[in-house]
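The values are calculated or read from the model by the stated rules, or taken from the named source; none is laboratory data. It should be emphasised that the depicted structure is a prediction, and the values quoted were computed from it without experimental measurement. Counting neighbours? That spans all protein chains shown, and the Cβs are built from the backbone with ideal geometry, glycine included.
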């Protein structure tokens, strides 16, 4: 099993645990940070993470911040 397969499997295990009933919406967030060398491969498989997340009954909202810092600096 490759590193990305392990990441997707780990995400599936983590996301399938039900949220606590008393958790505020702001606490119901998962942030995935990838290794730079895995970036393109992870982007190619991002749909798998989405499917696992939705399959666990959660919503999916993707924010790609890749160019945020350079755009901010150039402004």
Starting from the stretch 2-26, keep only residues that are farther than 16 Å from residue 59 by Cα, then list their pairs with residues that are part of a loop (DSSP other than H, G, I, E, B) and modelled with pLDDT of 85 or more whose Cβ atoms are within a distance under 8 Å, requiring at least 6 positions of separation or different chains. 4/45; 8/45
Scanning the stretch 26-59 residue by residue, those outside any helix (DSSP H, G or I) and loosely packed, with under 13 Cβ neighbours inside 10 Å turn out to be 28, 29, 30, 31, 32, 33, 35, 57, 59
Which of the residues spanning the stretch 5-25 are surrounded by 10 or more Cβ atoms within 10 Å (Cβ to Cβ) and either at positive phi or in a helix (DSSP H, G or I) (or both)? 5, 6, 7, 8, 9, 10, 11, 12, 13, 14, 15
